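Since the structure comes first, as structure tokens, the remarks are kept for the end.
What follows draws every value from the coordinates through simple rules; no lab data is involved. The model shown is predicted, which means the values in this text are computed figures rather than measured ones. Heads up, the Cβs are rebuilt from the backbone with ideal geometry, glycines too, and the neighbour counts pull from every protein chain shown.
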Amino acid sequence: MEIDFLLIGQGLAGTALGYRLKKAGKKIRIYDRGDQNQSSRIAAGLFNPVTGRKMVKTWNADLLFPEIIPFYKELEDLTGQEFLREQSIYRPFISIEEQNEWMGNSADPSFQIYLKKIVQDSQSPELNDPYGGVILKNSGWLDINPMLDAMGEYFGEDLVPDKFEEDGLHFRDGFWEYKGIQAKALVYCNGNAAKQSRFFGFLPFAPVKGEILELRQDYCPDYIVNRGVFRVHLGNGIHRVGSTYTWHDLDQGPTESAKNELLERLSGLVNLPVKELLSQKTGIRPATRDRKPFLGKHPTEQSVYIFNGFGAKGVSLIPFYSKMMFRFLVEFQPIEDEVNITRYFNYI
Ligand SMILES: Cc1cc2nc3c(=O)[nH]c(=O)nc-3n(C[C@H](O)[C@H](O)[C@H](O)COP(=O)(O)OP(=O)(O)OC[C@H]3O[C@@H](n4cnc5c(N)ncnc54)[C@H](O)[C@@H]3O)c2cc1C
């Protein structure tokens, strides 16, 4: 059977790119080994225009954010399911200086599309926010598991729930042959597993382990609270709280130290006891050394591509960059230098 693109991986990256290709009439197959610990299935799914301890606009926010809501809404319309949660994010200030700085930001037109309100007083006795904070808009979270499942159904037979093994791959007469498929091109959307690939092992991935909790606690505002830790209300008094960042211990298991770190940070934010700890999950983010994604074509192999390296921000990055990757693959448009893997061709 002849196809245009064989994609490896149906996490957020493979799903978004696969959708764009299929929508354009391309014949695709997506192999996914159904790893429940993949980054996408563990992620909290937040999209947050102001990130980090210093609360700065996230990298490329003005390009990325206009694409996020329309893209996931399109997938909701396609599947008839709801997984996009548009929600404000409340970021308490840690000092009066920070409050002043944000009063200044509020006059800056480039912040207007992300700023709902700046509040100078505490929003609730349950919160540790004596200096008030900034309430962000154009933010929220994506319920990723139902989204991947719904898109899996949309792909139907084009999604093969099996492990892709390079040993079975051969290049013959201008096609990549794999288990009876003849593909014109391969696209690696397989997260951290790309490091083990014979094609993309040279790229400087810098995987980051993350742990995340679900717990019961009172106080269920209609916004996400985010300072040191984020807390998303999932319904029925259950909250998702995360995440940790670890570069050294990359095994998959949950750790006591991460649990304690998250609970301690939470107690610095919410002045209420945790009633019950429901789960602790871990995943490895497919991050890169320069914190920019990996898009592009292998330097020498014919028709072997990568769409990967979305680190801690796949939900925000993938709508915009899947469009860029699609245009590269189908319309032969260029990929921006800062995300193009050409930046690492001297590593081979
Ligand atoms: C704890 C935690 C919290 C996070 N929170 C957020 C957040 O709030 N917001 C946000 O934007 N991002 C968050 N992320 C990051 C987010 O998960 C990633 O940016 C994104 O999901 C990466 O998607 P991906 O498709 O590139 O990779 P993955 O999700 O890893 O998908 C790769 C896929 O390839 C498949 N695969 C690999 N090898 C093979 C093979 N040989 N054969 C077949 N299939 C294969 C895997 O099964 C998997 O399905 C978080 C991550 C973690 C771990």
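Rounded to the nearest 20 debye, the dipole magnitude of the stretch 208-285 is 180 debye, with +1 charges on Lys and Arg beta carbons, -1 on Asp and Glu beta carbons, and the Cα centre as origin.
Of all beta bridges DSSP finds with both residues in the chain, what is the antiparallel percent, to the nearest 5? Before the final figure, lay out the partial values.
Numbers: 50 of 68 bridges.
That works out to approximately 75 percent antiparallel.
Footprinting exposure proxy ranking of Thr255, Thr342, fewest other C-beta atoms within 10 angstrom first, gives Thr342, Thr255. Please work out the Cα center distance from the stretch 69-110 to the stretch 143-199, rounded to the nearest Å. So the two Cα centres are separated by 34 Å. Near the amide H of His298, within less than 5 Å, lie the amide hydrogens of Val304, Tyr305, Ile306, all on another chain or at least 5 residues away, with H placed in the peptide plane. Residues His170, His239, His248, ranked from the fewest to the most other C-beta atoms within 10 Å, line up as His248, His170, His239. Taking other C-beta atoms within 10 angstrom as a stand-in for reagent exposure, Arg29, Arg285, Arg265 fall in the order Arg265, Arg29, Arg285, fewest first.
So what is the relative contact order of the stretch 44-170, in percent, for Cα pairs below 8 Å that sit 6 or more residues apart? Can you show the working numbers first?
Details: 160 pairs, mean separation 41.1, N = 127.
Result for the stretch 44-170 is 32 percent.
Under the combined filter of DSSP loop state and at most 14 neighbouring Cβ atoms within 10 Å, the stretch 34-121 retains these GluC sites (Glu not before Pro): Glu82. Of the GluC sites (Glu not before Pro) found in the stretch 244-348, the ones in coil according to DSSP and having at most 14 other Cβ atoms within 10 Å of their Cβ are Glu301, Glu336, Glu338. Can you tell me the 0 to 90 degree angle between the C-alpha axis of helix 12-23 and the longest principal axis of the chain, rounded to 10? In the chain, helix 12-23 runs at an angle near 50 degrees to the longest axis. Peptides 105-118, 215-228, 177-190 ranked from most to least packed by the mean count of surrounding Cβ atoms within 10 Å: 177-190, 215-228, 105-118.
Please report, in debye to the nearest 20, how large the charge dipole of the chain is about its Cα centre when each Lys and Arg carries +1 at its beta carbon and each Asp and Glu carries -1 there. Numbers along the way, then the final one.
Working: 41 positive and 45 negative charges, 89 e Å.
Dipole size: approximately 420 debye.
Helix 144-155 versus the longest principal axis of the chain: what is the Cα-based angle in degrees, 0 to 90, to the nearest 10? Result, in degrees: 30. Output needed: percent of Cα pairs per 10 Å distance bin for the chain, bins running from 0 to the one holding the longest distance. Bin by bin from 0 Å, the calculated values are 5, 24, 32, 24, 11, 3, 0.
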